[in-house]
Amino acid sequence: MQFQISTLPGNARFPANEDETVLEAALAAGWLLPYGCRDGACGSCKARIVQGRIEQGQISESALSDEERTAGYALLCRARPRSDLVIEVRNSGRVGDFPVRKLPCRIQELRRAADDVMILTARLPAGEPFRFRAGQYIDILLADGRRRSFSLANPPESTGQIELHIRLVPGGQFTRQVFETLKVRDILRFEGPFGSFSLREDEHRPAILLAGGTGFAPIKSIVEHAIATGAQRKLVLYWGARTLGGLYMDSLAASWEGQLPGFRYVPVLSDPDASGAIRTGLVHKAVMADHPDLSAHEVYACGAPAMIDAARRDLIGHCALPAESFYADVFTFASDSSA
């Protein structure tokens, strides 16, 4: 059975089959709605069901509260229509200049940035332009049909190649290959770009960029894009890791302070720092200490689910951050432990 979906505002209209999610149907029809992980974890695709019925699939409780469910909200990445729908979304638009494509790429460099972090750079085919927004991600397509999602760490201006920051997952199929068997000139296939985790360029409020571990990758793309375009917006990056080695591009992040007016970098370690030169504790707690009132800010957070959940809860609950001003990209691993 097929249903008709309409959005407010924007008046997008598209069909959806009962066995596909609202988000899948929108993307298939060329409409870009807000979304991130596609796994029911980040909450980026939250929308209010104004009219109609949906079946909400399995999601993270922290991404959609009971109060929000009662108020009619749903996560579109896991919501299947059971009637025609009218949904209220933060924004919508055409995929336009950023179409999803499947492309091959050839590994150009594999550089161990930390004990458990590999920076993979791959060359794209000549004559095959690949356009994306800073902060988006791609899916690496594996031979068995499975996919692994990784954020693009390079800015859109660095045409002809892609850069991925890949953390070794214990027992992970693909990440183990990256660290043990992949070599320069090997071919990978990917699909993308995906996601709406990108800096709102029509906004002028100060933005907090919050990264945990390799959640630094999309933040790197966003900041380097801001440098390339001469952005004037005030940005503060808080990058958290367990130890100093986890801040695997610390000197690069520090150098941005001299390249982008209004930019500031704050590294935070969860383990004690013997030198006392770097702040310690939970990275989002450092944000709270420095910005007790975030009512006039936006926050862009990227990292593990536990970090995102804690940041969303505490920054909204204790620092007056508007819920609609919290944007997240959650790094989740495949449930079959074969990342």
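The values are calculated or read from the model by the stated rules, or taken from the named source; none is laboratory data. None of the values given here were measured: they were computed from a predicted structure. So basically every Cβ, Gly included, is an ideal-geometry build from the backbone, and we count neighbours across all protein chains shown.
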All positions within segment 124-142 that are loosely packed, with under 15 Cβ neighbours inside 10 Å and either at pLDDT 90 or above or in contact with a Cys (Cβ under 8 Å, 6 or more places away or on another chain) (or both):
Pro125, Ala126, Arg131
Residue hits (segment 104-134; in a loop (DSSP other than H, G, I, E, B) and either at negative phi or touching a Gly at 6+ places or on another chain (Cβ under 7 Å) (or both)) are Asp115, Asp116, Leu124, Pro125, Ala126, Glu128, Pro129, Phe130, Arg131, Phe132, Arg133, Ala134
Is one or more of the residues making up segment 79-88 under 30 Å from Asp186 (Cα atoms) and assigned to a loop (DSSP other than H, G, I, E, B)?
no
Can you name the number of the only condition in (1) of a type outside the set (Asp, Glu); (2) farther than 26 Å from Pro125 by Cα; (3) in contact with a Ser or Thr (Cβ under 7 Å, 6 or more places away or on another chain) that Pro218 fails?
(2)
Within segment 20-27, identify whether any single residue is of a type in the set (D, E, K, R) and either under 22 Å from Glu191 (Cα atoms) or modelled with pLDDT of 95 or more (or both), and answer yes or no.
yes
Please verify whether segment 93-103 includes one or more residues that are part of a strand (DSSP E or B), closer than 26 Å to Ala301 by Cα and at pLDDT 95 or above.
no
Total residues in segment 30-62, condition among the small types (Gly, Ala, Ser) and in contact with a Leu (Cβ under 6 Å, 6 or more places away or on another chain)
3
Within segment 150-159, the count of residues that are surrounded by fewer than 21 Cβ atoms within 10 Å (Cβ to Cβ) and out of contact with any His (no Cβ under 9 Å at 6 or more places or on another chain) comes to 3
If you take the residues in segment 180-205 that are at pLDDT 95 or above and crowded, with 16+ Cβ neighbours inside 10 Å, which one is farthest from Trp31 (Cα to Cα)?
Leu182
Do we have any residue at all in segment 254-275 that's within 30 Å of Leu76 (Cβ to Cβ), more than 17 Å from the chain's Cα centre (by Cα), small (Gly, Ala, Ser) and not assigned by TED's automatic domain parsing to the domain that holds Arg133?
no
Check segment 295-313 and report whether any residue there is assigned to a loop (DSSP other than H, G, I, E, B), surrounded by 18 or more Cβ atoms within 10 Å (Cβ to Cβ), over 18 Å from the mean Cα position of the chain (by Cα) and without any contact (Cβ under 8 Å) to a residue 60 or more places away in the chain.
no
Consider Leu235 against the criteria (1) without any contact (Cβ under 8 Å) to a residue 60 or more places away in the chain; (2) more than 22 Å from the chain's Cα centre (by Cα): it satisfies all of them except one. Which criterion is unmet?
(2)
Any idea which of (1) touching a residue at least 24 places away in the same chain (Cβ under 8 Å); (2) assigned by TED's automatic domain parsing to the domain that holds Trp31 is the one Asp66 doesn't satisfy?
(1)
Out of all the residues in segment 77-95, which are without any contact (Cβ under 8 Å) to a residue 60 or more places away in the chain and either assigned by TED's automatic domain parsing to the domain that holds Asp309 or touching a Phe, Trp or Tyr at 6+ places or on another chain (Cβ under 7 Å) (or both)?
Cys77
